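In what follows, a single structure is set out as C-alpha cells and then discussed.
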Amino acid sequence: MSEEKKEKRKASSIDPCAVDLLKYAEECSIQTAFSRSDSLKPCPIGAEGACCKICAMGPCRLKSKDGEDALKGVCGASLATVTARNIARMVAGGTAAHSDHARDVANTLLAAAEEHTKDYQIKDVEKLLAVASNFGIDTSGKTKNEVAKEVAEFVLKDFGQQKGEVSFIRTATKKRQDLWREHKLVPRGVDREVCELMHRTTMGVDTDPEDILDAALRTSLADGWSGSRIGTDFSDILFGTPKPIKSEDSLGAFQKKHVNIVVHGHEPTLSEMIVVASEMPELIDYAKSKGAEGINLVGMCCTSNEILLRHGIKSAGGFLNQELGILTGAVEAMVVDVQCIMPAIADVVKGFHTKLVTTSPKGRIPGAEHIEFDELHALDVAKKIVRLACDNFPNRKDTRIPDYGKTMIAGFSHEYIKYMQGGRFRGSFRPLNDAIISGRIRGLAGIVGCNNPRVDQDSLHDYLVRELIANDVLVVQTGCGAHASAKSGLLRPETMELAGPGLREVCEAIGIPPVLHMGSCVDNSRILTVLTAVAQEGGLGDDISDIPVVGIAPEWMSEKALAIAFYAVASGLYVIFGVESPIAASPTVQKIMSEGWEKKVGGKLEFIPGKEEMLAATLAHIDKKREALKLRKYEKGKFGVEKVLMSMADRRKLEEAAHAHKGVGGV
Amino acid sequence: MSRHIAAAAIRGSHKIAAEAAEALNMAIAAKGDDYRFEFPDTAFYLPHIFGMTGMKVETLGQMKDALDYAKGMLSAEPAQEEYLPYLGETLDAGQATLFAEEILLASRYVLGLEPVVEKIDGSDFTYNGFISDTILRDLGIQLVDGSMPGFAVIIGKAPTDEIAVEICRDLQQRNILTFLCGNVDGDSVTKQLLRKGVDLGWDARLVALGPETYHALYAGDWACRGALTFGGKKGGDALSVLKYNKDRIFAFAMVLGPMNDLIWSTGAGAITYGFPAICDTEVPEIRPTGVCTYEHVVSQTDHKKLVDTCIETRGLKITITKVPVPVAYGPAFEGERIRKEDTVFEFGGQKTTSFEWVTTKELSEIEDGRIEVIASAETLAKIESAAPGNTVRLPMGLVIDVAGRKMNPDFEPVIERKLHDYVNCAQGVWHMGQRDVNWMRISQQAFGDGFRIKHLGDIVYVMVKNKFPAIVDKVQVKLYLDDDKVKEMQEQARAVYKARNERVASLTDETVDTFYSCLLCQSFAPNHVCVISPERLGLCGAYNWLDARAAYEIDPTGPNQPVAKGECTDPVKGRWKGVDGYVFQTSHQTLEGFSAYSIMDAPMTSCGCFECIVALVPEANGFMIVNRGYTGMTPIGMKFSTLAGTVGGGVQAPGFGGIGKYFITSRKFLSADGGLKRVVWMPKSLKEALREDLIRRSEEEGVPGFIDMICDETIAEDSEKMLEFLSEKGHPALTMESIL
C-alpha cells in the first residue's frame, strides 16, 4: 500500500452492523479503535522491526535508505539482530499468552479431578481416554477422575519442566519429531522456553539472527504442541468436544427486551459458568423481576468461540466489535478476562449504562468493576456477575441494535471432522485425502487470526475465503477469521454454491459448508491435529510439509498470531501474513524466515500486504505441493482418478502394500 | 443431492428400528426374555451386531440391549436448509438399520416367519433365509481362486422379466454370486427369474434371500463373517471388520426400480462396509470417494451397461475365458442337474463304456486345435436320430493329447481332474466322476441351442489352453464314440491310471526335496500360509503336491511357490529350516514356522476353508475330527461352526487345526502325536467316505478293525458316552502315552 493511499484511508468494515454503529460513533464523537487508527499512524520505525529499545543506550532507530548494513545500534547490534530479536520477543509474548490460558484450564481440570470444586466435572470421557492414551497412561479399572488427575498432572509438568520434551510432541508425525530433534527445536518446558527466549534477546546475549529465530521456533512449538494443545484438549475434556451446532454471529445478537450480557476474552472456565448461571431459573426470574423478559448471553472474541462451539451461544463478533457492542446501548454487562481486551472499552462504557466487569487476577482495567474469578467458587462468581447485569437492566436507555443477522454452522473439532467422513465405525480422513488426490479439492487453507483496523474489518478474510473456495480450496477457520465468515453468512452449507465444482461435490456429500469453523485461536492446535491425521492417512506424503496447505492470517495484529505463525511453520506449513511486516526492515531476516526455514523445517513465513498477491501465493504453493506429490494437475471441474481394478492376485498383495499407500483406491 | 439421501436414510432407520422393536416384543411375548436364539448354523451370535460391537446376543432379552445400542446411532433428519452435516450421521443410521434388520430377522425366525415361504405361480417357494457358516466355508476356495470374484445384492425388480434374466445371466457369466431380495409392489427379480424358468440356488449362484429389502442383511451378515472367519478379525473391532470388507470382499448393491427410505438406509449401512450402490433409476449420486473405494452411489439407467458399471464402481477385475459354444458358459452352471427325461445324449455312467484321459505327446505329433469325432457311419446315424424325447446313449472315449516344452506326465492327472469343471460349466451339459467312471449328459435345451458332441472338444481345448498356458503349447481332442474303439483305448488309459497311482503312492515327504506353498487364501486371510507336501495336501482339499507343482509351473510368480525343505530339524514333528524360514517371511513375521506332523506343537495354521477340523479330546487322550457339512454336536460340546471360529484366520492354536479330508489317511497324519490311532470320534458320513482307506491304513498301523473303534454321532455325541464306547471297544488311544 502506498503512503498516499494510507493517508486517505478511513478505517471501516464490510460488516453492515459495524458500519451502522461506526456512523453512530462518528455522530456522537465517540472514539473507537477505527477512528484512533485513522489519527494515530503506526510508528514507521517500529512497524518494520527497526527499533531497538531493550536497553537505555537507545532506543536505536536503525532505518536507513542506504540498506540493511548501513546502521548499527549503539551496542553494535545489526538491523538483522534487532529485527529478529523484536519478532522473537513477540513470539515469546504470544506463547506466554496461550500457555498461561492453558495453565488455568489444566489447573481447573486437576481441581475437578480432585473434586475440590463441584462446579466442574469431566464431561467428555472419550476425549479424556484418547488424551490419556497419547501419554501411555494406563486407564484400566480407573475412575474418570483418577484418569483425569493423572492426565492433568502429567501435562502440568510441561510448564515447569527443565529437561526433556513437552508432552504432545509425541503426537506429531514421526518424521516431524525426528526433524525437530535433529534441529534441536523440541521445547523442553513451556516456561523455560519463554524465559530463555526473553533472556536470549535481552541486551548483549544472542545476536545471531538465525539462532534467535530458531529459539523462537522452539518457543512457539511450546505453544502449538503444548500450551494451545492443552488449552484445546483439556477444555474439551471439561466442557465437551465440539460438534456442529447452529447459531448466529452479528452485532444484532442483542435482544431488546432481555438482559444482555457479553462475555469477552479467551478462557472458557468462567464463561462456561456464566452459561450455566444465565440458564438458571432463579436468575431468569431475577432478570424478570427487573423488568426484562429473560437473559441473553452473547459471546465476543474467542470466549465467544468457546461457548459457541459447545453450547451454540450467539456471538456478537470478534475483537474489533468490542467497542461497537457497547454502542448498541443494549449491553448490561461486558464481562472480560484476558487477551485482546481493549482498555478503550472502559472509556466507551462511560457514555452508556454498560457495566464493565474484569474477572481475571491477571487483567484489571482502571474504571472497571473487578469481580475476581476463582475456579473453586466459579458458579458463585458467575451468578454474582449475572445478578449485577440484571440489576443494571433498569438503567438501560435508548438502544440501537443492528438488524442484520446471519446464521452459521460451527463446531468442527478434529474429532468431528473424522467422524463426518465415515460415521462412528468408519470415521477417517480417507475421503478428504481422496478428494485432494483426485483434484476435487485443490488444497487446504487455514484462514485465521485477528482483525486489525489498519484494513477494513473482515475485508481480507472475506476476499480470501470467497476466492479460495471458488478455486476448490477447502477453508478452515478459527478466531476472528471465523467471526468474519460467520457474520457474512459464509459458514452456512448453502455457501457450497460459491465453491468450485469439485469442492462443492465433497461439501454436498458430507453436508458441510466449504468453510469450517474450528474454534478459538487456541484451537489452531486442532488444525495441527487434523493435518497430522491427513499426513498419517496416507496418499499425501508422510508429513504436514508435504500436504497442499497454506495458513493465512490476513488481518493479524496480536503477538499470539505470530506465535501461531511460528509454530505452524515449524510444523511444516507455509504461512502468509497480511497488513504490515514486522521484519520489513531486514532482508536478511526475511530470507531466513522464507528460504532458510523452508529448507530447515519445510515451512516458511511471509508477509504479503496485497490481497491478490496473498491469493496468488496461496494457490501457487498448493499447486507446487500437488506437483511434488505427483498428483494430477488441478483443473477446475475436472477430477477423478484412474481406477485400479483388483484381481485376485492384487488382493493377495494387499497385506504387503498395506503400509505403502498408493493413493485413491489403495488401502 | 445428498441431503435428500441422508434424510431418506435417517427416516428409514427410525422406521425399521420401530419395526424391529415391534417384532422383538412379539417374540418376547411369545417366548419370554430368556429365550435363547441363534441363527441356523453359525458360531457368531447375531453376526453383524457381534462384528460391530462384540456383543454376544444369545437371548431375546439381550436383543433389546442391542436394539438400544442401535437407537443410540439414530439422529434427526437434516433440516431443509442451513442444515447440520449429515454424512457421518447417515452412515450411523445405516448401521442402526443393519442392527435393526438383524434383530427383526432374528425375531421373525423365533416367530417362525423365516425363511420366508411364498406361493409363487401356484407353488411354494422357500427363500434361502440366513446363510450358514457352512456355506461360507464351502465356498472358501472359490472366494480366493478367482472363480467367485464378487458378490451382487440385487434389491427390487427389473423393468421386464427379460431384463432380469439378462442381468442375472451377465452376472453368472462373470462368475459373480448374486443374492436377491426386495420387491417392487410385490414383484421381484426372484419372481421374474422363476417365471422365466431360471434355476435359482447356490449351484446357479443366484440365491433368493427373501422378498423384502431387509433380507439384504443376510448378505451383510455373511460378509461380516468373512472378516471374522478368514480375516481373523475380532468381534467388536468394527473398523477392522469393515475395512477388511472394503479391501477384500468385492460386494455391491444393485437397486432395480424406485428407491425408498429403507433401501437408502440399508444402502448407507452397506456403504460402511465399502459396498457401493448402483441404481437403475435417476438418483442423486455420491461420487467423491473414501468410505467406499470409489463412488458410493451411482445411477445407471442403461440396463445393458448396468453390470459393467457395478463392476467398475466396486473396482473389480474379472477375467473370463470365452468358450466358443452356443450355450452360456461359467461356474454358475456348474451345479445344474440334467434330468434323465431332459437328456438328449448320455455317455458313461456305467451304462456305456467310457473314460477320459489326458496324455502327453511330442509337439510334432499334435495338430493344435484339432477336434476329431471318431465314429462309424452307424454311430453317426444314431447321433442324427437324436431329438427331444429320444435319448441317445453312446460310449465315449475323451482323449486329450497335450504337448509342451514344460509338460510333464505328472501334470496329466492335474489337467485331467479339471475336465469335470470345464465340461460342467457349459449350460445344459453335465459331468460327473473321472477317469473310467465318468458320466456325461447333454440336455435338450442345449441341443436346441445348437450344442453338439464336438463342442465338448471345443470346451476342453479352449479351457486347457487357457488355464495351462505355461505348460501346454498344443492340444488336440479326440472323441471316440464306437464301443470297440473306446474299449481298446480304455485299456491303454487304465494302464496309465495304474502307473499314476503307483507313482503317487511312491511319493513321500522324504523322497522330494521341495514342497510347495499355497498363498491363495492370502487375499482373505493375509497371514495364513499352507505348505503342501506329498503326504499332506492343502487343508481345503483342493490342492495336493502335484497340483501345487503344476500351478507353480503355470504361473511362476503366482500363489504356489516352491519351498526348499532345507535341513530337517525335527523328523518326527516334521520341521525343516527352509520351511520355517519361508513361513516366517510369508506370514509377515507372525509365525516362526510350523510342524507338518503335529497338531500339539506349533501346528500349521488355517485360513478358514478347511475340509475338516481336528480337535484334542483330552479325556480320551486322542483327537476327534469333524467335517464341514456335519452340523450336529460333537463330544467336545462344540459344533463345527463354533470350532471353526477358533481355528481360522491364520492363527496357531495348538490342539486344534484345519486339514484336508485325505490327510486323515496319510501316513504322516499327526504322526508326531500318535497318528491315526489317536482318532476317537468322527461323523459317520466321513467314516464311510474314507472307509476303504481307513481300513487299509489301520491294518498298516497294526490295528485291524480300528474303524469300528472310532466313535460317531450314532453312538455318542457327548464325551461321557463316547468314553464308555471307547473303553468297551478297547480303543488304543486310551492306553497310549499321555498326549498332554
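Computed values, structure above
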{"item": "The stretch A:255-267 - residue that is at pLDDT 95 or above and crowded, with 24+ Cβ neighbours inside 10 Å and, of those, farthest from A:Gly231 (Cα to Cα)", "result": "A:Val259"}
{"item": "Selection count where residues are part of a loop (DSSP other than H, G, I, E, B) and either of a type in the set (Gly, Ala, Ser) or within 14 Å of another protein chain (Cβ to nearest Cβ) (or both), scope the stretch B:544-580", "result": "9"}
{"item": "Counted residues, the stretch A:503-525 - those being closer than 16 Å to A:Ala445 by Cβ, touching a Leu at 6+ places or on another chain (Cβ under 8 Å) and facing chain B (nearest Cβ under 7 Å)", "result": "1"}
{"item": "Residue match in the stretch B:524-531 (condition: touching a residue at least 60 places away in the same chain (Cβ under 8 Å) and under 23 Å from B:Phe411 (Cα atoms))", "result": "yes"}
{"item": "A:Asp138 being among the acidic types (Asp, Glu) and under 29 Å from the mean Cα position of the chain (by Cα)", "result": "no"}
{"item": "Filter result (closer than 20 Å to B:Leu591 by Cβ and either within 14 Å of chain A (Cβ to nearest Cβ) or not aliphatic (A, V, I, L, M) (or both)) within the stretch B:524-543", "result": "B:Phe524, B:Ala525, B:Pro526, B:Asn527, B:His528, B:Val529, B:Cys530, B:Ser533, B:Arg536, B:Gly538, B:Cys540, B:Tyr543"}
{"item": "Some residue of the stretch B:50-58 being assigned to a helix (DSSP H, G or I), farther than 30 Å from A:Gly411 by Cβ, in contact with a Cys (Cβ under 7 Å, 6 or more places away or on another chain) and not assigned by TED's automatic domain parsing to the domain that holds B:Ile271", "result": "yes"}
{"item": "Residue within the stretch B:406-429 that is part of a strand (DSSP E or B) and either at pLDDT below 90 or farther than 19 Å from B:Val325 by Cα (or both) present", "result": "no"}
{"item": "Contacts under 7 angstrom Cβ, first residue in the stretch B:676-690 being in the same structural domain as B:Cys612 (by TED's automatic domain parsing) and on the phi < 0 side of the Ramachandran plot, partner of a type in the set (Gly, Ala, Ser) and surrounded by 22 or more Cβ atoms within 10 Å (Cβ to Cβ), 6 or more apart", "result": "B:Leu676/B:Ser698; B:Arg678/B:Gly622; B:Val679/B:Gly622; B:Val680/B:Ala620; B:Val680/B:Gly622"}
{"item": "Among residues of the stretch A:305-363, those that are free of Cβ contacts under 8 Å to residues at least 60 places away in the same chain and among the charged types (D, E, K, R), counted", "result": "2"}
{"item": "Extreme residue, farthest from A:Leu491 (Cα to Cα), among residues of the stretch A:452-477 that are among the hydrophobic types (A, V, I, L, M, F, W, C) and assigned to a helix (DSSP H, G or I)", "result": "A:Leu460"}
{"item": "Residues of the stretch A:159-187 classified as under 23 Å from A:Asp104 (Cα atoms) and either touching a Leu at 6+ places or on another chain (Cβ under 6 Å) or of a type in the set (S, T, N, Q) (or both), total", "result": "5"}
{"item": "Top-ranked residue of the stretch B:297-343 - restricted to ones that are of a type in the set (Asp, Glu) and more than 12 Å from chain A (Cβ to nearest Cβ), ranked as nearest to B:Lys418 (Cα to Cα)", "result": "B:Glu334"}
{"item": "B:Gly290 being surrounded by 24 or more Cβ atoms within 10 Å (Cβ to Cβ) and either over 27 Å from the mean Cα position of the chain (by Cα) or among the basic types (Lys, Arg) (or both)", "result": "yes"}
{"item": "Residue that is acidic (Asp, Glu) and within 14 Å of chain B (Cβ to nearest Cβ), where the choices are A:Glu279, A:Glu272, A:Glu248, A:Glu306", "result": "A:Glu248"}
{"item": "Qualifying residue in the stretch B:77-91 (condition: under 22 Å from B:Gly269 (Cβ atoms), touching a Leu at 6+ places or on another chain (Cβ under 9 Å), surrounded by 19 or more Cβ atoms within 10 Å (Cβ to Cβ) and away from chain A (no Cβ under 12 Å))", "result": "no"}
{"item": "Qualifying residue in the stretch A:437-451 (condition: within 14 Å of another protein chain (Cβ to nearest Cβ) and assigned to a helix (DSSP H, G or I))", "result": "yes"}
{"item": "Top-ranked residue in the stretch B:229-287 [being hydroxyl-bearing (Ser, Thr, Tyr) and surrounded by 22 or more Cβ atoms within 10 Å (Cβ to Cβ); ranked as nearest to B:His528 (Cα to Cα)]", "result": "B:Thr229"}
{"item": "Hits in the stretch B:637-678 - residues which are part of a loop (DSSP other than H, G, I, E, B) and crowded, with 22+ Cβ neighbours inside 10 Å", "result": "B:Gly648, B:Gly649, B:Gly650, B:Ser666, B:Phe669, B:Leu670"}
{"item": "Tally of residues being away from chain A (no Cβ under 14 Å) and not hydrophobic (A, V, I, L, M, F, W, C) across the stretch B:1-21", "result": "5"}
{"item": "Any helices (runs of 4 or more DSSP H) falling wholly within the stretch A:548-667 and containing at least 2 residues that are within 14 Å of chain B (Cβ to nearest Cβ)", "result": "A:648-652, A:654-657"}
{"item": "Hits in the stretch B:360-403 - residues which are more than 32 Å from the chain's Cα centre (by Cα), closer than 30 Å to B:Asp547 by Cα and of a type in the set (Gly, Ala, Ser)", "result": "B:Ser364, B:Gly369, B:Ala403"}
{"item": "Helices (runs of 4 or more DSSP H) contained in the stretch B:96-214 and holding at least 2 residues surrounded by 24 or more Cβ atoms within 10 Å (Cβ to Cβ) and of a type in the set (Phe, Trp, Tyr)", "result": "none"}
{"item": "Residue tally, condition buried (at least 20 other Cβ atoms within 10 Å of the Cβ), assigned to a loop (DSSP other than H, G, I, E, B) and of a type in the set (Gly, Ala, Ser), over the stretch B:325-344", "result": "1"}
{"item": "Test result for B:Phe44, more than 14 Å from chain A (Cβ to nearest Cβ) and at pLDDT below 95", "result": "yes"}
{"item": "Any chance B:Glu118 is more than 21 Å from B:Ile271 (Cα to Cα) and within 14 Å of chain A (Cβ to nearest Cβ)", "result": "no"}
{"item": "Breaking point among (1) surrounded by fewer than 24 Cβ atoms within 10 Å (Cβ to Cβ); (2) closer than 28 Å to A:His311 by Cβ, for A:Met420", "result": "(1)"}
{"item": "Count - residues of the stretch B:233-269 that are touching a Cys at 6+ places or on another chain (Cβ under 9 Å) and within 12 Å of chain A (Cβ to nearest Cβ)", "result": "4"}
{"item": "Within the stretch B:350-390, tally of residues that are over 27 Å from B:Lys418 (Cβ atoms) and hydroxyl-bearing (Ser, Thr, Tyr)", "result": "3"}
{"item": "Helices (runs of 4 or more DSSP H) within the stretch A:67-172 that include 2 or more residues farther than 30 Å from A:Glu537 by Cα", "result": "A:79-113, A:144-160"}
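The values are calculated or read from the model by the stated rules, or taken from the named source; none is laboratory data. A quick note: this is a predicted structure, and the numbers were derived from the prediction, not measured. Cβ atoms come from the backbone with ideal geometry, glycine included; neighbour counts cover every protein chain shown.
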